[in-house]
Amino acid sequence: MEFSITLLNFGYAIVGAILTLLFMVLGYKIFDKMTPFDTSKQLAENNIAVGIVVGSIFVGLGIAVGLVIGMGLN
């Protein structure tokens, strides 16, 4: 019985991680469309300011979506 609950929770964690990654990619694409410059090109040119902003977007989206999914699955 406890093993099936563990497997179910593991499945929820995998689904939550996949959804979080999908939302992070979507957030990056929306950010890239909103900015007047090419974000990927700026990152390739080692623009530290763009890197910090993109990193903070990933952290923020990861926390927000992860909490929403985690609370929804429990």
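The values are calculated or read from the model by the stated rules, or taken from the named source; none is laboratory data. Predicted model only: the values in this text are computed from it and were never measured. For neighbour counting, all protein chains shown are included, and Cβ atoms are generated from backbone atoms with ideal geometry for every residue, glycine included.
For this structure, a couple of remarks:
- Filter pass, residue 69 being in a helix (DSSP H, G or I), hydrophobic (A, V, I, L, M, F, W, C) and either in contact with a Phe, Trp or Tyr (Cβ under 8 Å, 6 or more places away or on another chain) or exposed (fewer than 11 other Cβ atoms within 10 Å of the Cβ) (or both): no
- The stretch 16-32, residues that are touching a residue at least 40 places away in the same chain (Cβ under 8 Å) and out of contact with any Leu (no Cβ under 7 Å at 6 or more places or on another chain): 19, 20
Results for (1) in contact with a helix residue (DSSP H, G or I) (Cβ under 7 Å, 6 or more places away or on another chain); (2) in contact (Cβ under 8 Å) with a residue 24 or more places away in the chain; (3) part of a helix (DSSP H, G or I); (4) of a type in the set (Ser, Thr, Tyr), shown as yes or no for each residue.
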position	(1), (2), (3), (4)
4	no, no, yes, yes
13	no, no, yes, no
43	yes, no, yes, no
51	yes, no, yes, no
56	no, no, yes, yes
63	no, no, yes, no
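- Positions within the stretch 32-66 being among the hydroxyl-bearing types (Ser, Thr, Tyr) and surrounded by 11 or more Cβ atoms within 10 Å (Cβ to Cβ), in sequence order: 35, 39, 40
- Yes/no for residue 26 being in a helix (DSSP H, G or I), modelled with pLDDT under 85 and under 14 Å from the mean Cα position of the chain (by Cα): no
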